[in-house]
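Let me begin by presenting the structure, written as structure tokens, before commenting on it.
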Amino acid sequence: MTGGIRGGFEGLDACVHCGFCLQACPTFLATGDESDSPRGRIELMRALERGELEATDPALAYHLDRCLGCRGCEPVCPSGVRYGQGLEAARSRIASVRGVPLLTRVALWALTSPGVSGVVYWFARVLRATGIPRLFAGWGRFRFAMGMLAATKPSDRRTVGRSDRKAPSPSGRPTVRPSVLLFRGCVQQGLFSHVHDATARTLGVNGYQIREVTGQGCCGALHAHAGLLDEARALARTNIAAFGDGDGDEPIAVNSAGCGALMKEYGHLVGGAASERFAARVRDVTELLAPSPVPGAPLDLHVAYDPPCHLLHAQGIADPPLKLFAAIPLLELVQVPGAAECCGSAGLFTLVEPEMSRAVLAPKLARLREAAPQVVATGNPGCLMQLGAGLAAAGLQTPVRHPVELLDDAYRAAGRYE
Ligand code: SF4
Ligand code: SF4
């Protein structure tokens, strides 16, 4: 990234090797190997910066490739190490020498190129509608991918948990409706347009006017995580231009935690006043809804909330999703130990590092089996797919849904859309 004279490595300087981050690191917990821990990786990255390790060093690439980029190590660090920025700087340097693996290139091309991705998502939706992905869902690369696609299907279980109790009346809604611009993204638009619909409806109930923005595109997060910072910057500039620098300070609503985390860092990524102003307008949809959400109808549901790493750790957003759940009477949150740990999705990680990804997912699935919620809720497309595929592979039928979808159900049950 462009933020510092050392391109992001300076974020690692504060590390004092205390090791507080080790137990927060899912890959260290999975392997017990110091080189798969934040502290070990920081040493590798600093050696790369100092020139003591070549960017082509196989051990360096091996252990950095196995990092989820979940940033679970950041909030627990007493020294304020900016691990995520250091990781992106290191991956960028490695990618500039080694290139990016073919599988990553193909996935980025298929999922994020404007013309190509439209066709890919169209085929994916057709396949999803046949119900075949659900039948094939399971372990193994192909079957897990089928499970991920099946997990993107809009839920047809809207009436589950519906109660006959009446919704509380909304109080004191503002008469002036502030406008908000909706960020649509690539995967989220291609496979989760129902989440966009729920976002627009719930924001509308809460007094916002939704404005659509043409010319926007992929946020660039998948590129940045792969070390392709120039491509990420180009995508960021497209979005900054599309959302308009001179359009006032209207918030930009994002319902994908991974996208929101990078878009809030556009200032650091791109540099300059326009990108800083853009970043300051980005809000997760739960932040916009949270201050005092209009109550919905009661839903008698047991829900396990799995906070996305890029919402909780990267954006520091913990309470707003809980406020949404609290606006749904009778909905009960099931506490699942280790919910804040990464699910192993991490953008393309689940595709390119399947072994580590499944190792990280396994303990979460075991705890969800134990807790037996009726619904798992999470606010990021990658997590929705990873958890949905994992639950299906584990033989559990628990649906995985975005928090705004549950609020949307509660509003529909309350007749707020009539
Ligand atoms: S990253 Fe932070 S928590 Fe981890 S070893 Fe360094 S100073 Fe300690
Ligand atoms: S980003 Fe996640 S996987 Fe990588 S070192 Fe930090 S805690 Fe571990």
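The values are calculated or read from the model by the stated rules, or taken from the named source; none is laboratory data. Only a predicted model underlies this, so the values are computations on that prediction, with no experimental measurement involved. Note that we place each Cβ from the backbone using ideal geometry, even for glycine, and neighbour counts take in every protein chain shown.
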Exercise. Could you check residue 79 against (1) assigned to a helix (DSSP H, G or I); (2) within 16 Å of ligand 1 (Cβ to nearest atom) and say which number it fails?
Key: (1)
Exercise. Collect the residues in the stretch 368-411 that are in contact with a Ser or Thr (Cβ under 9 Å, 6 or more places away or on another chain), within 21 Å of residue 349 (Cβ to Cβ) and not small (Gly, Ala, Ser), keeping them in residue-number order.
Key: 368, 376, 380, 381, 383, 384, 385, 386, 387, 391, 400, 402
Practice problem: Would you be able to say whether some residue in the stretch 288-300 is closer than 15 Å to residue 380 by Cβ, touching a residue at least 24 places away in the same chain (Cβ under 8 Å) and charged (D, E, K, R)? | Solution: no
Exercise. Quick one: residue 364 ticks every box in (1) buried (at least 24 other Cβ atoms within 10 Å of the Cβ); (2) under 20 Å from residue 134 (Cβ atoms); (3) basic (Lys, Arg) except a single one, so which number is it?
Key: (2)
Exercise. Could you pull out the residue among 211, 237, 233 that is modelled with pLDDT under 95 and closer than 17 Å to residue 282 by Cα?
Key: 211
Quiz item: Looking only at helices (runs of 4 or more DSSP H) that fall completely inside the stretch 16-69, which ones have 2 or more residues that are over 20 Å from residue 341 (Cβ atoms)?
Solution: 38-50, 58-65
Exercise. Tell me, yes or no, whether the stretch 56-72 has at least one residue that is within 11 Å of ligand 2 (Cβ to nearest atom), at pLDDT below 95 and in contact with a Phe, Trp or Tyr (Cβ under 7 Å, 6 or more places away or on another chain).
Key: yes
Self-check item: Pair list, Cβ < 9 Å and 6+ apart or interchain, from the stretch 358-380 residues that are of a type in the set (Ser, Thr, Tyr) to residues that are assigned to a loop (DSSP other than H, G, I, E, B)
Solution: 378/306; 378/307; 378/308; 378/343; 378/402
Exercise. Could you please find all residues in the stretch 82-121 being in a loop (DSSP other than H, G, I, E, B) and away from ligand 2 (no atom under 16 Å from the Cβ)?
Key: 99, 100, 101, 113
Quiz prompt | Count of the stretch 83-116 residues which are more than 19 Å from the chain's Cα centre (by Cα) and touching a residue at least 40 places away in the same chain (Cβ under 8 Å) | solution = 15
Practice problem: Can you give me the number of residues within the stretch 369-404 that are buried (at least 24 other Cβ atoms within 10 Å of the Cβ) and assigned to a helix (DSSP H, G or I)? | Solution: 13
Exercise. Would you point out which residue out of 325, 349 is under 24 Å from residue 203 (Cα atoms) and among the aromatic types (Phe, Trp, Tyr)?
Key: 325
Quiz item: Which residue, of 279, 304, is buried (at least 18 other Cβ atoms within 10 Å of the Cβ), free of Cβ contacts under 8 Å to residues at least 24 places away in the same chain and farther than 20 Å from residue 204 by Cα?
Solution: 279
Quiz prompt | Selection status of residue 89, among the aliphatic types (A, V, I, L, M) and either more than 24 Å from residue 311 (Cα to Cα) or touching a Pro at 6+ places or on another chain (Cβ under 8 Å) (or both) | solution = no
Practice problem: Tell me, yes or no, whether the stretch 126-145 has at least one residue that is surrounded by 15 or more Cβ atoms within 10 Å (Cβ to Cβ), within 19 Å of residue 348 (Cβ to Cβ) and in contact with a Pro (Cβ under 8 Å, 6 or more places away or on another chain). | Solution: yes
Quiz item: Does residue 202 fit the bill of being of a type outside the set (Lys, Arg), crowded, with 23+ Cβ neighbours inside 10 Å, part of a helix (DSSP H, G or I) and over 18 Å from the mean Cα position of the chain (by Cα)?
Solution: yes
Quiz item: Which residues, taken from the stretch 28-48, are buried (at least 20 other Cβ atoms within 10 Å of the Cβ) and more than 13 Å from ligand 2 (Cβ to nearest atom)?
Solution: 48
Quiz item: Does residue 152 qualify as being modelled with pLDDT of 95 or more, within 19 Å of the chain's Cα centre (by Cα) and either β-branched (Val, Ile, Thr) or within 16 Å of ligand 2 (Cβ to nearest atom) (or both)?
Solution: yes
